Structure formats: structure tokens, C-alpha cells
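First the structure, in the form of C-alpha cells, and then the observations on it.
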Number of protein chains: 2
Amino acid sequence: MKRGERRPTIIDVAKLAEVSKSTAARALSGATDISEDTRARVVKAARAAGYERNHLAVGMRSGRSGMLGLIVPDIANPFWAEAARGAQDRAAEEGASLIVFSSDWDPEREARHVRALRQARVEGAVVNPISDNADEFSRFGLPFVLIGSSAERFPDHASVGSDIAQAVRLGLDHLVSKGHPAPALILGPKNRLARARFLRTVHEHSVARDIDPQTLLTEDCDYSVEGGYAAMQRLLERQQIGHIAVFAANDLMALGAMMAVRDAGRSCPVDVSILGFDGIPAGAFSWPGLTTIEKPARELGYRATSELIGEIGGRAGIERTYLPCRLVERGSVADVAADRRQAVGVR
Amino acid sequence: MKRGERRPTIIDVAKLAEVSKSTAARALSGATDISEDTRARVVKAARAAGYERNHLAVGMRSGRSGMLGLIVPDIANPFWAEAARGAQDRAAEEGASLIVFSSDWDPEREARHVRALRQARVEGAVVNPISDNADEFSRFGLPFVLIGSSAERFPDHASVGSDIAQAVRLGLDHLVSKGHPAPALILGPKNRLARARFLRTVHEHSVARDIDPQTLLTEDCDYSVEGGYAAMQRLLERQQIGHIAVFAANDLMALGAMMAVRDAGRSCPVDVSILGFDGIPAGAFSWPGLTTIEKPARELGYRATSELIGEIGGRAGIERTYLPCRLVERGSVADVAADRRQAVGVR
DNA sequence: GCGGTTTCCGGTAACGTTCCCGGAAGTTGC
DNA sequence: GCAACTTCCGGGAACGTTACCGGAAACCGC
């Protein structure tokens, strides 16, 4: 078919097959009320005409557009790209198309994208919400599923996130097993909910092991490499002797911390152990490789979309899912316990 | 608006504003043929009713769906995620929605996605084509722009790629200026077009500097970290003395090579200099940081979408754009020239 | 005050599809 | 051989919007 030529409609197909358009529609949509040879004739005619069903018209008539929406902070961010991939895979299974937007952590852009999705008549959306007020979303008027760590702000909606509590426990257990019972913490910004949950879980875990949470060193920063770098500098300042173990709340800060250690003339993992959180690909290429807790980003996107499809299909009741994370050992955490065992002659 | 409630149409707005639906449509679509106070009344009514234009209906009637398509090999790949972001930004400027698909380097999946885009009645698409035969695309029936390095296969279509020749020159000039006039090359698979162009440009540049291209060591591999690792092992085997300079055809292979050097007990950049090609984020976190040629991924997506929008708008004539790349110096290339200058007492 | 122009608005027909309804055959049961 | 039922198909309406056309005012110049 050339550019600009009129695309064949179901009426063209009907004429070619010498049936009415109702019959043609029945044949093409897999309905039952039709004889086998008529269907074959229509299908053949459709192929001959190069017919392709117009989804806009289908959407208008049936109210089902066959499109889903996805709003993430930044599609160029590896974590969200991976989540988008999961969402895409699930949508493709359903034969749906996915419209993707990046909000850039800007509530105003987010609102624009929500409006665009509504106007495009998507059947639902997976969203990592930026806006603090649920207003824009409660007025969403169509099913949506939250993805990521902001589910608390919208208590009456389905959500899929990673199990932060389990992840923190996993990390602390690993640190303890390597001989670091009381790691320093590099945390995210004070106003983020994820920070509070992270800190709370660390505290709970410490108490369970008879460690006073108040003795843990903490540094706040802003989830960036530069932030982690500065935080680590401050930590090195505060504790100048002995091995330091650090649990960073994301991988970028962990990598920044690693650079700070190196620039200070110290060594990771000899002088400083670093444990990250996220599982971004870059962690595999640092030296030493970054030991980290990996969030199942793709699975997150996949499951959130599954949940969304279920809701669109009319399944009642909202579900809150928290997926488990995985420890990836690479080399940035020293086994001080082993050294100690060797030193005292234990085995 | 609650879930399940009927969405207000332009007719509801018209009733509320006590005008005909034609008038309401005129008021809302910014046409001229309407008085100012009528328009104001309609706009107010629309806001009161919570009206949002149904893009499906608009698309049906006007033939313009307001949607664009994007097909990349893998949205989870950082390079393509970045390109997707550029495309998204340009689309958003136009008020268009972007449907994103991943082809997974699979022609059959690609064909399915193309069909889905056609059925969704996108107005055009940006595609990094996998399929070798132009068939599926020549039958595309709507404007599309190629993105990436496969433009040669479709000589009569608009395309936006990076300027490989300029990039290779940039890299070689850098290596030469640091005292590496004849680097070893780690290349991609033999059947890829990009490989041939890369090699050809290196040869031209060498000849221009009186170097016999045949003397350059080359290793083939498959664009992966593991491939780069193995290729570097072979290079270390082949040349056991002196400083080795390596120009890898992508960053993943370069990072693999760096790991091989370390595992062999040698040092980058002391014993081996490595120059990458792509500019992926992970290169910033390796140790040493990877010096590389950065492709303008986001700009690629942005420009390709611009070109597409132009074509949709009816601009005649196809354009082939090659964007320049940028050298990012980090620390994986040693300045042997400086050492030599010092050694002979020059300054 | 009258023809001509401008301004503004309403009615109607499309766009391509699906759904509902009714009717024409063919089939079955007795 | 007739009623009841099944199978299959066509006609028409509807989804929400915009484009086109025609007409009613209002305005202008003389």
C-alpha cells in the first residue's frame, strides 16, 4: 500500500466477499454466528484487500481502546527502563499497546500526562506517582495501579512494590554474617517515605540483635552519586580508625561512596565495606564489584500490569503486592568475621 | 468522576452551555468562527462537566490519531532507553502520545509490532529495523524514520544516526595524541554493517597517517562484556610486552576488556589503554573510569522524531542525518606520549 | 431603507466499527 | 404438513467528533 492511499475498510472487504458488512465483521471478529465457508471467504477477501482493523473505530464502538498507559519518573533511568520493559511484555501478551510517559519528578508534567492518557482513552494505567495529593488520581476515572514505593500515600489502590523490609533484613543479615553488626547508613532525603521505612526496618532489626539503633552512624543525602560521595567523606571524617561498613539506600550513592573511599586513599573492601541497594547494571562494572540488594524491576512492571489487566477485567478487590529482593554478592563487602576467626585460631 | 460512570461528551457540554454541539466543538477546538462570549460560556461548561475530548473519536473523524510509534530492540538497554526518552520529549512537545515496543532483535516480533502500530492508526513511527528485507516496512503505508546504524539497508528513507566516521576519527586522534598511533581493535560481529564502517574508517585514518592498516591487531567478538573479556585475553596472549592500546567498538566490550586486564594481573591504564564507544552510564563507575566516544542517544531519538513529525506534516524529500559524537575522557587511556617526552627531557 | 457583506450559529452527514434485531431459509418433531 | 426451532445473514443504529453548508441576524455604505 502506498502512502496517502485510502486504507481498506471492512466495507471494502464485505464487497469483495459479497456479503454485508455485518457478516464481514462477524467473520473477522471470531464470532460464532457464521458458517465456516462464509468466514473463509471473508478472511480471504480481507487478506487480498490488505485489510487491517481500525482500532480507533473499535475503541469508539466497543469502549475498549486496547491501550494501556505507563507513567514513570524517567524512562532513561535504568531501573524504570527495566520496569517499563516488564510492563511492555505483559501488555504485549494481552495484545495491548503501551503508551509511555516520563514525569521527570514534576507534578505538573505528571498531571499533563494523566490528562493525555485519559484523552487517549487508555483502559488503565500503571503509575509511579509524584504528586503528593491524590486528587489528580482519584479523579482519574479509570483503573490504575501504583508501582514503586509510594503505595502508602494511596491506601485504597492496588500497588506493586518491592519488599523493603525483607530487603533490608537481607542486607543486614549479610553484613552481620560478614562481621559488620552495626553498619553506618547512607540514607535518602528526609522527606521521602522510603527513607523512613528503610530506617525503621534497620532499627527493628538492630533491636532484635541487641544493638542500640542510636549508635548507628547515619548520613543523609539525595540519592545521587555526588551525594553518596560527600556522605562517605563525612563518614571517613567521623570514624578515622578501624574498618567501616556502609549500607547505602541506593546503588548510585554506594558507587559515589566507593569513589570517595578511593579518593581518600583508602580501599574498598579492605578499609571500607559497602553494600548497595537497587541492582543497577553499573554496579557490576565498578571495582570492586558492588555487592547490593537487587530489586526485581522488570518483575515489578510485569506484575503491576497484570494487576491492572485484572482490574480492567472487572476483578474486584485491590491487591497490594510486595516482591522479594535478592542479594547480589560481588566484592565490596569484606569478610571481617573470617579474618577474626583466623586471627583467634577458630575454624 | 467515579469509576464506571459515563464520561461526559461534547453533547453534554453543548446542552449545559445551551448551544448546539457544532458550536461547542468550534469553541473547544479553537476555531475562529465563534464569538468570544459564546466561547467563554462553552469553555466554562466544559470545565464544569469535567469534559475531556475523546481522542479516539477525533482520530476517526479527522484521520489524525495524535499517536506516534517507536520500535527499538530493547527499551531496557540504556542506550535505547535514552533514545526513547528523546523521542518522548519531542512527541510531548507536539502533544502526541508515544507507543513504545521492544523487538528483541526478532524480526517476527518486529513484524507483530508494526502491525499493532498500523492497527492503532499511529501517524508514523521511528524504528530501528531488525528485519533485513524492507518488505514489511515498504508496506508500512505510513511515514517512518529509521534510527541508528541501519540506514544503508533502506536507501530511500529518512534516517537519523550517529556519525561513525567522525567518531572513529575522534577516537583515533585522541589515541594518537596520547602516544598510541596503532591501537588494537576489538570489533563487533562480522555480519553487522556497523563493523565494516568502523573498520573502513580506521583504515582510512591509518593510511592518512602513513600507518599500514594491516599491522593493526584485531579481534572479533559479539558486542557483549564476555566477548570483550575473551577478546582482551587473546590480545594479551598475542602481545606480551610493552603497552597495549585498545579501541573497542562498544562500551560493554571495553568494560569486559578492562576486567580481563585486571584478572590477568596487568593494570589499566599503566599496561593497557582502553578506549570505548557508546557512552553508557556504567563507564563512569568503572575503575579506572572508561574513556569513550559518546553517541548522542537522546538527541538521536529527538531528531528522528522531529524528522518524523516533519514528514507527517507533508514536508517533501527525505533527509539523512548523522549526528556528531563526543569524546569523554575519564582515565582508561594512558598518556604515553607525555611519559616519552619526559623520558627524553623534552617539554 | 435596501442590496450586499460579515458574523455567528445549527443541522446533518460522515469517519469505521460493533451490536441488536428481525427475517429468511433450513431442520426437526409429531 | 405444520409448528417450533436452529442457523445464518442483512439492515440499521450507535459510539463522539469534525467538516461542510446554509441561514439568520447584524452591520455597512449609499
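Restricting attention to the range B:194-347, close to 25% of DSSP beta bridges with both partner residues there are antiparallel.
Peptide A:109-117 shows a mean partner chain C-beta count of 2 within 10 Å per residue C-beta.
So what's the range A:213-347 giving for Cα Rg divided by 2.2 N^0.38 Å, two decimals?
Numbers: Rg = 18.9 Å, N = 135, 2.2 N^0.38 = 14.2 Å.
Rg over 2.2 N^0.38 Å, computed on Cα atoms: 1.33.
Seen from all directions on average, the range B:90-230 presents a Cα convex hull projection of 11.1 nm². Available extension along the chain between B:ASP163 and B:ARG7 is 51.2 nm, counting 0.36 nm per residue and deducting the alpha carbon span. Relative contact order, whole percent, for the range A:239-316 stands at 27, derived from Cα pairs under 8 Å and 6 or more residues apart. The residues neighbouring A:GLY317, those whose beta-carbon lies less than 13 Å from its own, together hold a net charge of -2 under the Lys/Arg +1, Asp/Glu -1 convention. Projected onto planes of every orientation and averaged, the convex hull of the alpha-carbon atoms in the protein assembly as shown covers 39.5 nm². If contacts are Cα pairs under 8 angstrom and at least 6 residues apart, what is the relative contact order of chain B in percent? Relative contact order of chain B: 17 percent.
Counted by neighbouring Cβ atoms within 10 Å, the residues B:TRP287, B:TRP80 run from fewest to most as B:TRP287, B:TRP80.
Per DSSP helix of 4 or more residues, -39500 (n - 2.57); summed, then divided by the residues of chain A. What does that give at 222 nm, rounded to the nearest 500? The partial results should precede the final answer.
Numbers: 13 runs with 152 residues, N = 347.
Helices in chain A give a 222 nm mean residue ellipticity of -13500 deg cm²/dmol.
Farthest towards the positive end of the charge dipole of chain A, among the residues A:ALA254, A:GLN233, A:THR32, is the Cα of A:THR32, using unit charges on the Cβ of Lys, Arg, Asp and Glu.
Peptides A:46-55, B:314-323, B:114-123 ordered by packing proxy, namely the average of other Cβ atoms within 10 Å per residue, highest first: B:114-123, A:46-55, B:314-323.
Below 8 Å between Cα atoms, with a sequence gap of 6+, how large is the relative contact order for the range A:10-53 in percent? Working shown, then result.
Details: 42 pairs, mean separation 18.7, N = 44.
Relative contact order for the range A:10-53 comes out at 42 percent.
For chain A, modelled as a GNM whose springs connect Cα atoms under 10 angstrom apart, the maximal fluctuation among A:GLU82, A:GLU152, A:GLU299 occurs at A:GLU152. If R0 equals 41 Å, the separation of the Cβ atoms of B:VAL207 and A:ASP106 corresponds to a calculated FRET efficiency of about 0.20.
Quick check: convex hull over the Cα atoms of the range B:3-146, volume per residue in Å³, rounded to an integer? Could the numbers behind the result be given before it?
Numbers: hull volume 20.9 nm³, N = 144.
Once divided by residue count, the hull of the range B:3-146 is 145 Å³.
Distances between copies at A:VAL328, taken between label points 7 Å from Cα along the C-beta direction, are 1.8 nm in increasing order.
On average, how many beta carbons from a partner chain sit within 10 Å of the beta carbon of a residue in B:75-88?
On the way: counts 10, 14, 5, 8, 1, 3, 10, 5, 1, 6, 8, 1, 2, 6.
Per residue, the number of nearby Cβ atoms from other chains is 6 on average.
Taking the number of Cβ atoms within 10 Å of each Cβ as an exposure proxy, the fewest-first ranking of B:ILE75, A:ILE274 is B:ILE75, A:ILE274. In terms of its Cα atoms, the range A:10-53 spans 23, 17, 15 Å along the principal axes, sorted from long to short. The Cα atoms of the range A:77-136 give a gyration tensor whose axes a ≥ b ≥ c have a/c of 1.5 or more with a/b no greater than b/c, which makes the shape oblate.
Treating only the Cβ of Lys, Arg, Asp and Glu as charged (+1, +1, -1, -1), what charge dipole size does the range B:193-347 show about its Cα centre? Round to the nearest 20 debye. Don't skip to the answer; put the middle values down first.
Values: 18 positive and 20 negative charges, 69 e Å.
Taking the Cα centre of the range B:193-347 as origin, the dipole is about 340 debye.
Between B:MET232, B:MET60, B:MET253, the GNM of chain B built on Cα springs shorter than 10 angstrom shows B:MET60 fluctuating the most.
Selection among A:ILE244, A:HIS55, A:VAL100 by position relative to the dipole of chain A gives A:HIS55 as farthest towards the positive end (Cβ unit charges, Cα centre).
Sorted from largest to smallest, which semi-axis lengths in Å does the alpha carbon gyration tensor of chain A give for its equivalent ellipsoid, taking the root of 5 times each eigenvalue?
54, 20, 18
Each Lys and Arg adds +1 at its Cβ and each Asp and Glu adds -1 at its Cβ; summed about the Cα centre, the protein assembly as shown shows a dipole of about 1760 debye.
Total Lys pairs in chain B closer than 25 Å by alpha-carbon, pairs eight or more apart in sequence or interchain only?
On the way: B:LYS2/B:LYS15; B:LYS2/B:LYS21; B:LYS2/B:LYS44; B:LYS15/B:LYS44; B:LYS21/B:LYS44; B:LYS178/B:LYS295; B:LYS190/B:LYS295.
Close lysine pairs found across chain B: 7.
The separation of the range B:194-231 from the range B:284-337, counted between C-alpha centres, amounts to 20 Å. Given the options B:ASP251, B:ASP89, B:ASP263, which has the most mean-square fluctuation in a GNM of chain B, springs set between C-alpha atoms less than 10 angstrom apart? Of B:ASP251, B:ASP89, B:ASP263, the most mobile in the Gaussian network model is B:ASP263.
Only the coordinates and a few stated rules stand behind these numbers; no lab work does. Note that the structure is a prediction, hence the values are computed from the model and not measured. Virtual Cβ from ideal backbone geometry, glycine too; neighbours counted across all protein chains shown.
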